[in-house]
Amino acid sequence: QRSKVYVDEVQDYTQLEILLFFYLSGPNGLFLAGDPAQSVVEGTEFRFEEVRGVGHFVGYVIQKPKTVNVNFRSHSGILNCAGGVLDLMFTHFPSSAKQLKKDKGLFQGSRPGVLLGISIDQLNILLGDKLKGAVVLTHDESVRHWRRLLNDYKLVYGVREAKGLEFKTVIFLDFFREIPSSLQKPWRELVLGRATQDFEHIYPLVATFLKLLYTGVTRCIEKLFFVETKSSTAGDASMRWLTKQVAGRASYATRNNINDVEAMSMTSDEFISEGINNAELAQSLDELGQAQLLLERSIWCFEQTDIIELAAKARIHYSSNLFRQELQPPYDEKSANDRAVIEMRAAQLIESLTKEGLFFEVLNIFSSLTPFLSSEYAKEELEKRFIRKIRLAGREE
């Protein structure tokens, strides 16, 4: 057991996983934080009442959840738009998430912009100039497609992938057009106020896309753009909904002309911050393919600055990641010469990683290398003379 266990994004966990947290923490040592409206992980449908049920199952008394409605990330222009999405969710899908008060921002800010009919070439020009450094959000299954069309632009994220992160400028790309064809007309009826009372029962999957939309909108700190490259039933209706002014309320977003978008390229410091965020996230992942993508983004961000040392450090981390992917099981039979080559490459990488202070990756290399070491003696000596010192230093920190 641990004395205290803190869990963020608790809405992404199943009841069984939450039960394990209770067993790890004991009766008074568990702190959970989350947002039911961002429950977008497939296979989970979260309510805080379920946490109380799990607590009662193990015999613990659970405190009543406390709500935080002050948003320290986004300004009012972003949050008003997010609030509009919540209105749709709570009105038409009352069982999908408990209704909470809308977030309030500490600062005023501009409403999101809407760009309709923008071509891929125009978008590439924007991302290379006026919107350089903006993060492109899309459906997770479309990330590879859009990265290819956007000339391998590194800052393309799926909404689920980006959950928990924050970005200065966000382009929400073809979100509405890529809603499944079977839900295009239901989505139109929803946003135009024509949904029937049994809408939740007939179209339960629409709630998932509302949660994805809300999650994506709330990733943004300053500038948000909804960009639709082509007309669609859901897209056209959503643009009307976003830009429509109703009595007592301004529209959620404004129509923008591509020629009027102000220069909003990220500063050098912001590129550095984004690069560090991606590198640290890559470090925390066990899935090497996903870590590789994050490191590519990190390298690209650092290359936009004049801090060449950070780019070099990220490249070494990237090389180590690729090497570890080569060493993944199932293991092929290796000749003595093959093993010698692997040991030599590992030694060179370990030396470079050590110089850069990437000791966590040194440990990862050693773990991947162990099955290929030519003798137990080599393994024991490396462990005793080098690896053990790194582990001890890590514990002291």
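Going from most exposed to least, what order do Trp241, Trp187 have by accessible area with a 1.4 Å probe?
In descending accessible area the options line up as Trp241, Trp187.
Cα axis of helix 359-369 to longest principal axis of the chain: angle in degrees, 0 to 90, nearest 10?
Here the helix axis deviates by roughly 70 degrees.
Quote the convex hull volume per residue of segment 71-263, based on C-alpha atoms, as a whole number of Å³. Walk me through the numbers on the way to the answer.
Numbers: hull volume 22.7 nm³, N = 193.
With only Cα atoms used, segment 71-263 gives 118 Å³ per residue.
So what J values fall out for segment 335-341 if you push phi through Karplus, 6.51 cos²θ - 1.76 cosθ + 1.60 with θ = phi - 60°, rounded to Hz, Gly and Pro as x?
The phi angles translate into 6, 4, 5, 4, 4, 5, 5 Hz.
Determine the order of Asp236, Asp269, Asp35, Asp174 by accessible area, beginning with the largest, at a probe radius of 1.4 Å.
Asp269, Asp236, Asp35, Asp174
What do you reckon, how do Lys230, Lys168 stack up by accessible area (1.4 Å probe), largest on top?
Accessible-area ranking of Lys230, Lys168, largest first: Lys230, Lys168.
So how much accessible area does Ser39 have, in Å² to the nearest 10, using a 1.4 Å probe?
Solvent-accessible area, nearest 10 Å²: 10 Å².
Compute the accessible area per residue over the chain, keeping the other protein chains in place, probe 1.4 Å, unit Å². Display every interim value, and only then the final one.
Working: 20930 Å² over 397 residues.
Solvent-accessible surface per residue comes out at 53 Å².
Roughly how big is the chain's charge dipole about its Cα centre, with Cβ charges of +1 (Lys, Arg) and -1 (Asp, Glu), in debye to the nearest 20?
1180 debye
Average projected area of the Cα convex hull of segment 322-364, in nm²?
The orientation-averaged projected area of the Cα hull of segment 322-364 comes to 3.1 nm².
Can you send over the carbon and sulfur percentage of the accessible area for the chain, probe radius 1.4 Å, protein chains only?
The computed percentage sits at 51.
Would you mind computing Rg(Cα) / (2.2 N^0.38 Å) for the chain, counting N as its residues?
1.14
Report the residue, chosen from Lys66, Lys154, Lys163, that carries the largest GNM mean-square fluctuation when the chain is represented by alpha-carbon nodes joined by springs under 10 Å.
The residue that fluctuates most here is Lys66.
Run the Debye formula on the Cα coordinates of segment 96-202, all scatterers equal and no solvent, and tell me log10 I(q)/I(0) at q = 0.12 1/Å.
For the requested q values the scattering log ratios are -0.57.
What accessible surface, in Å², does a 1.4 Å probe find on Arg315, ignoring ligands, DNA and RNA and rounding to the nearest 10?
Arg315 exposes around 100 Å² with every protein chain in place.
Between 0 and 90 degrees, rounded to the nearest ten: what's the tilt of helix 288-303 against the longest Cα principal axis of the chain?
80 degrees
Suppose we keep just the alpha-carbon trace of segment 268-394; what are its Rg and Dmax in angstrom?
Expressed in Å, the Cα Rg and Dmax of segment 268-394 come to 15.6, 48.
Taking the 0 to 90 degree range and rounding to the nearest ten, how far is the long axis of helix 15-25 tilted relative to the main principal axis of the chain, both from C-alpha atoms?
The answer is roughly 60 degrees.
Based on the Cα gyration tensor of segment 168-307, what are the three equivalent ellipsoid semi-axes, each the root of five times an eigenvalue, rounded to whole Å and given largest first?
34, 21, 12
The values are calculated or read from the model by the stated rules, or taken from the named source; none is laboratory data. Predicted model only: the values in this text are computed from it and were never measured. Every residue, glycine among them, receives a Cβ derived from its backbone with ideal geometry; neighbour counts consider all protein chains shown. These area figures cover heavy atoms from the full protein model, side chains too; ligands, DNA and RNA do not enter into them. Shrake-Rupley method; radii C 1.70, N 1.55, O 1.52, S 1.80 Å.
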